[in-house]
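Novice: The following block contains the structure, expressed as structure tokens.
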Amino acid sequence: MKEIFKKKVWFLTGTQDLYGEQTLDQVTKNSVFVVDGINKSGLVPLEVIHKPILKTPDEITKICIEASSDINCIGVIAWMHTFSPAKMWIKGLKKLQVPLLHLHTQFNDEIPWSSIDMDFMNLNQSAHGDREFGHIMTRLRIKRKVVVGHWQNIDVLSSIGSWVRAAIGYNEMQNLKVCRFGDNMREVSVTDGDKVEAQIQFGFSVNGFDSSDITNEIKKLDNREVQDLVSIYEKEYDLSSELIKGGSMRQSLYDAAEIELGLRKFLDNGGFKAFTDTFENLGDLKQLPGIATQRLMADGYGFGGEGDWKTAALTRILKVMSVGLEEGTSFMEDYTYHFGKDKSLVLGSHMLEICPSISNDKPRCEIHPLGIGGKEDPVRLVFDVKGGNGLNLTLVDIGNRFRFILNEVNVINIENELPKLPVARVLWDCKPNLEVAASAWILAGGAHHTVFTKALETSVIEDLAEMTNVELLVIDDNTNIRSFKHEMAANESHFEKY
């Protein structure tokens, strides 16, 4: 994930030649000071790069072309320090191909009542300079985020930081390669979809490979590589009695290590950052990848079970968006319900593949039978997830377009012992409640697979949906079914493509 920090955001300051060199010099100094403050705030995950102030149409067009062609520029922040006639921006904005945040701020916070004069007024014209800039972007139908307030305000800096995280995800989409080992689970609808349209809409590519591609890499492994990885397992996890040295299933730990190494090598050699598998297409693999998938996710790879390439891509995208944050992100599934007398809850889990980045403690490494797939017992990490705020996000193909669906949740500490459930699991309370949330989710065509994250907030996903021009339905404390149906009906015409 270190490569993410090579990415940058460019800061563009609008002005014009009208004011003379002294004023323009001050515009530059102020702009540099603002950028320095943003970078020192600790609330923006990537470095913001100050660019020379923009005074003419040619300068604006040139910088927009450069930003769009620089592989490390993931977006631009634009601020009109003085008045900047918006016709100067038309050509450049039409060529801009990266996300844009419009920062509506000014250098000073309060009016200097005793000293304010026309020189001050000419220098600090954001109040109407940014409105001129906003008008032309609206007329050009340019998608952007507008953040209003003083640049030193924590809420403003946090909003910038959220947008930068969304821009990281959008940039990752343009370069992401998803590998599918086998097809999706037979006869399943929601995990399928239009891969070509997804590449057109989002940028990521999805292609199929065979489990033999993994086993071919396994054949090339050196025994020392396998032993070294087993040693890491022993150090990082609490091994069950069957898997420790001398245990009855010790060989299965080595088999799992071989699968992880072979899978990792194939993904890395092909430049894949997300993948799927399915228990129906395992070929010569000895066991369904459990700990291998979990550890790869912990290292930032995306994953989707049963060939679910949309969730695999989305897992990777949310992982890069949460870079530098403490809380984790994982592939997830709404598995079973607790219809309690006072409150209804969801137990989220999967057969094997839940990312240990969301674990509340040191995971246990265990081996248990798996009733499907017809392979040997798979090794997996078992753990609970501690309480806190979270969200579940899914991406579905509804035929004529894609749709994001998001449900905010409260994660509940699991107080009960689960001695016979050998999988990673998380318990949550849906907002506003399970009955409304599940009804809305089902009406929206939501998948049973999601990306669960405790790292990101809804605002980041809203920014990502805006950048990709994809419908986002949010299920939160304010959701009621009548309004939710009306929103979906209105979206049919707004997002209709055909």
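Novice: Outside any helix (DSSP H, G or I), of a type outside the set (Asp, Glu), modelled with pLDDT of 95 or more and on the phi < 0 side of the Ramachandran plot: does that describe TRP113?
Specialist: It is true that TRP113 is outside any helix (DSSP H, G or I), of a type outside the set (Asp, Glu), modelled with pLDDT of 95 or more and on the phi < 0 side of the Ramachandran plot.
Novice: Hey, which of the strands (runs of 3 or more DSSP E) in the range 330-389, taking only ones fully inside, have at least 1 residues that are of a type in the set (Gly, Ala, Ser), modelled with pLDDT of 95 or more and surrounded by fewer than 20 Cβ atoms within 10 Å (Cβ to Cβ)?
Specialist: On the way: elements: 344-349, 364-367, 379-382.
Those strands (runs of 3 or more DSSP E) span 344-349.
Novice: Further question on the same structure: For the range 212-251, give me the residue count where each residue is of a type in the set (Ser, Thr, Tyr), over 20 Å from PRO356 (Cα atoms) and either at pLDDT below 95 or more than 33 Å from the chain's Cα centre (by Cα) (or both).
Specialist: Residues meeting the conditions: 2.
Novice: Considering only residues that are touching a Ser or Thr at 6+ places or on another chain (Cβ under 7 Å) and closer than 19 Å to GLY149 by Cβ, look in the range 30-81 and name the one that is surrounded by the most Cβ atoms within 10 Å (Cβ to Cβ).
Specialist: MET80
Novice: Give all pairs with beta carbons closer than 7 Å in which a residue from the range 155-166 that is closer than 19 Å to LEU318 by Cβ meets a residue that is at pLDDT below 95 and buried (at least 22 other Cβ atoms within 10 Å of the Cβ); count only pairs at least 6 apart in sequence or on separate chains.
Specialist: none
Novice: Which of (1) assigned to a helix (DSSP H, G or I); (2) among the basic types (Lys, Arg); (3) surrounded by 18 or more Cβ atoms within 10 Å (Cβ to Cβ) is the odd one out, the single condition ARG131 does not satisfy?
Specialist: Every listed condition holds for ARG131 apart from (3).
Novice: Can you find, within the range 100-128, the residue that is surrounded by the most Cβ atoms within 10 Å (Cβ to Cβ) among those that are touching a Phe, Trp or Tyr at 6+ places or on another chain (Cβ under 6 Å) and under 21 Å from VAL48 (Cα atoms)?
Specialist: LEU103
Novice: Restricting to the range 297-319, what's the tally of residues that are surrounded by 23 or more Cβ atoms within 10 Å (Cβ to Cβ), in a loop (DSSP other than H, G, I, E, B) and under 15 Å from the mean Cα position of the chain (by Cα)?
Specialist: Residues that pass the stated criteria total 1.
Novice: Those residues that are out of contact with any Leu (no Cβ under 7 Å at 6 or more places or on another chain), under 18 Å from VAL320 (Cβ atoms) and among the small types (Gly, Ala, Ser), I need them from the range 452-497; list them, please.
Specialist: Within the range 452-497, SER459 is the sole residue that qualifies.
Novice: Further question on the same structure: Quick one: which of GLN294, GLN287 is among the polar types (S, T, N, Q), under 23 Å from PHE331 (Cα atoms), in a loop (DSSP other than H, G, I, E, B) and touching a residue at least 60 places away in the same chain (Cβ under 8 Å)? Spell out how you get there, then give the answer.
Specialist: Values: GLN294 fails: in a loop (DSSP other than H, G, I, E, B).
None of the others qualify; the one that does is GLN287.
Novice: Let me ask you something else. Looking only at residues that are among the aliphatic types (A, V, I, L, M) and free of Cβ contacts under 8 Å to residues at least 60 places away in the same chain in the range 64-97, which one is farthest from GLY169 (Cα to Cα)? Talk me through it step by step, then tell me what you get.
Specialist: So in the range 64-97, the residues among the aliphatic types (A, V, I, L, M) come out as 65, 67, 71, 74, 76-78, 80, 86, 88, 90, 93, 96.
Subsequent filtering for residues that are free of Cβ contacts under 8 Å to residues at least 60 places away in the same chain retains 65, 67, 71, 86, 90, 93, 96.
Values: ILE65: 21, ALA67: 17, ILE71: 14, ALA86: 29, ILE90: 27, LEU93: 22, LEU96: 18 Å.
Ranking the qualifying residues of the range 64-97, first place goes to ALA86.
Novice: If you don't mind, another one. Got a sec? Which of ALA424, ALA440, ALA444, ALA465 is closer than 24 Å to ASP384 by Cβ and in contact (Cβ under 8 Å) with a residue 40 or more places away in the chain?
Specialist: Exactly one residue qualifies, and that residue is ALA424.
Novice: Answer with yes or no whether ARG380 is within 30 Å of ASP238 (Cα to Cα) and among the charged types (D, E, K, R).
Specialist: Yes, satisfied.
Novice: Let me ask something additional. Can you pull out the helices (runs of 4 or more DSSP H) entirely within the range 154-220 that have at least 3 residues that are out of contact with any His (no Cβ under 7 Å at 6 or more places or on another chain), hydrophobic (A, V, I, L, M, F, W, C) and not assigned by TED's automatic domain parsing to the domain that holds LYS319?
Specialist: Qualifying helices (runs of 4 or more DSSP H): 154-175.
Novice: Just to be sure before I move on: is GLY246 at positive phi, assigned to a loop (DSSP other than H, G, I, E, B) and free of Cβ contacts under 8 Å to residues at least 40 places away in the same chain in the structure I sent?
Specialist: Here the answer is yes, as GLY246 does meet what is asked.
Novice: Also, I was wondering about something else. Among the residues of the range 145-164 satisfying the criterion of being farther than 17 Å from HIS81 by Cβ and touching an Asp or Glu at 6+ places or on another chain (Cβ under 8 Å), which is surrounded by the most Cβ atoms within 10 Å (Cβ to Cβ)?
Specialist: The extreme case among them is TRP163.
The values are calculated or read from the model by the stated rules, or taken from the named source; none is laboratory data. Computed from a predicted model, the values in this text were never measured in an experiment. For neighbour counting, all protein chains shown are included, and Cβ atoms are generated from backbone atoms with ideal geometry for every residue, glycine included.
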